[in-house]
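Input: a single structure, listed below in structure tokens.
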Amino acid sequence: MKTVTPPQSSTNGTNDANPAKRTHFDDKGNFKVVWDSSIDVWWHEAVADVSSECPPVWMDAEDPLFMLYTSGSTGKPKGVLHTIGGYMLYTATTFKYTFDYQPGDVYFCTADIGWITGHSYVTYGPMLNCATSVLFEGVPTYPHTSRFWEIIEKYKVSKFYTAPTAIRTLMKFGDEPVKKYDLSSLSVLGSVGEPINPEAWLWYYRVVGDSNVSIVDTFWQTETGGHVITPLPGATPTKPGSACFPFFGVDVVLLDDEGHEIKGEGEGYLVFSRPWPGMMRSVYGDHERFETTYFKKFPGYYCTGDGAKRDKDGYIWVTGRIDDMLNVSGHLLSTAQVESALVEHEAVAEAAVVARPHTVKGECLYCYVTLAEGHNYDTALITQLKNKVRGKIGAFATPDFMQLAPGLPKTRSGKIMRRVLRKVAVGDRDLGDISTLADPSVVEVLFQHRPKEAKV
Ligand code: WT7
């Protein structure tokens, strides 16, 4: 336990507003705060006169609980409104079944609390189940790349939930930073936020889970409140890269362009034909926008905006946002497919693919790659990567453009903003709203790294 040393005297005037500069560890490893009486108060003093009773305020089940603005891959952000009864029922239930929560479990979700995963599966779901949780504020690579694994060992975490982007980031440091720690407490590993490529799924399963855990690839959205397609640990035989089957009460339907239901094997728009308790109730301040965004394209269905495939065994494979689909010479392919092929190459830590207009093909592939430690971006590598995609998907999918991306434009929830990448691909600086990016400065760096041949 670190100790906080009481203030000796006020040091007013010597501190600036940056809290990081006011705290440090001394030689003995004790945590020190430089006291500023203009802003600091002691907790025990502040709570001394406060009643320990906090009577609940009774609300209607359909009263608003909170709203969260979705990052909006197109257009202006929407205030997704959730209500008290349905949302809490749904997060409590999905938490319990998706993670097979049992008393005694130690649960660790790495999400930022300010976003939907942090709301549903750091705050409401676990707390409604009285679960013991690890709360974490920070990044997985600081002060070292074993941060998550160290925490899992230290607190004997049994259920762990993170995003494919974190898994791929950590994968690039190899197995050793994971294997140094005893992770035998783990029994369920969750993934959320985007399609997880089979390579990352298998690494998560084999290296982090020691081939002895259940992987739950949970598909859902800010709008759905909680998991809507997910395997149940120990009960659903999984396939790497598939979110498997609908959660209880969710009716998954695939539609073709004309709105006809696709039965059995096939690929189409992922929609739901029945409401479920956790679904959003409105777009804050604009109910009409709620109706047009989610219900207008296919009347009678909730439209996720994602595409999905159903295989012969009935498994659902979410292929990504419909606007992340591209059509090269009449071949429809998802950006996720191409990204998955690229990250199979050992030099590639992360890849993002967008469509660029092409006079002959309609659209062509423009691929951004972030390299793993110790690899160089040169013509030999570019050729290898193009061949990799070609070999994996087909000649029509050979990328026309490859670009090095020291960093990718991501929202704070880790989602790649492909809208921005499409602009960089064509050299268009009219970027629209990029205020939800975690680090907007990566965009300028990307413009500087555009390959020569892309400039025509
Ligand atoms: C979009 C929703 C859900 C909380 C975090 C993101 C994509 C999410 C998966 C998954 C494939 C996934 C979809 C979805 N997505 N999870 N397991 N497999 N795609 O919430 O910001 O509202 O994004 O994330 O495209 O529509 P969000």
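Being farther than 25 Å from Leu202 by Cα, in a strand (DSSP E or B) and touching a residue at least 60 places away in the same chain (Cβ under 8 Å) is the filter here, so list the residues in the stretch 221-278 that pass it. Hit for the stretch 221-278 is Val252, nothing else.
Run down Thr132, Thr117 and say which single residue is away from the ligand (no atom under 16 Å from the Cβ) and out of contact with any Leu (no Cβ under 9 Å at 6 or more places or on another chain).
Thr132
In the stretch 392-423, of all residues being in a helix (DSSP H, G or I) and free of Cβ contacts under 8 Å to residues at least 40 places away in the same chain, the one that is nearest to Arg450 (Cα to Cα) corresponds to Lys423. May I ask you to verify whether Phe298 is in contact (Cβ under 8 Å) with a residue 60 or more places away in the chain, more than 14 Å from the ligand (Cβ to nearest atom) and either in contact with a helix residue (DSSP H, G or I) (Cβ under 8 Å, 6 or more places away or on another chain) or closer than 24 Å to Ser334 by Cα (or both)? No; evaluated as a whole, the condition is false for this residue. So which residues in the stretch 126-167 are part of a strand (DSSP E or B) and either touching an Asp or Glu at 6+ places or on another chain (Cβ under 8 Å) or exposed (fewer than 14 other Cβ atoms within 10 Å of the Cβ) (or both), if there are any at all? Thr132, Lys159 - these are the residues of the stretch 126-167 that are part of a strand (DSSP E or B) and either touching an Asp or Glu at 6+ places or on another chain (Cβ under 8 Å) or exposed (fewer than 14 other Cβ atoms within 10 Å of the Cβ) (or both). Of all the residues in the stretch 199-233, those that are at pLDDT 95 or above and away from the ligand (no atom under 14 Å from the Cβ) number 14. Scanning the stretch 210-242 for residues that are within 15 Å of Phe272 (Cα to Cα), in contact with a Pro (Cβ under 9 Å, 6 or more places away or on another chain) and not β-branched (Val, Ile, Thr) returns Phe219, Gly225, Gly226. Scanning the stretch 51-84 for residues that are buried (at least 16 other Cβ atoms within 10 Å of the Cβ), in a loop (DSSP other than H, G, I, E, B) and either charged (D, E, K, R) or modelled with pLDDT of 95 or more (or both) returns a single hit, Lys78. When Asp311, Asp286 are checked against the criterion of being modelled with pLDDT of 95 or more, away from the ligand (no atom under 12 Å from the Cβ) and among the acidic types (Asp, Glu), a single residue qualifies: Asp311.
How many residues, within the stretch 168-197, are in a helix (DSSP H, G or I), more than 16 Å from the ligand (Cβ to nearest atom) and not acidic (Asp, Glu)? The qualifying residues number 6.
Just one residue in the set Glu265, Glu346 is over 30 Å from Ala372 (Cβ atoms), away from the ligand (no atom under 16 Å from the Cβ) and either acidic (Asp, Glu) or touching a helix residue (DSSP H, G or I) at 6+ places or on another chain (Cβ under 7 Å) (or both); that residue is Glu265.
The values are calculated or read from the model by the stated rules, or taken from the named source; none is laboratory data. All values reported here derive from a predicted model rather than from experimental measurement. Virtual Cβ from ideal backbone geometry, glycine too; neighbours counted across all protein chains shown.
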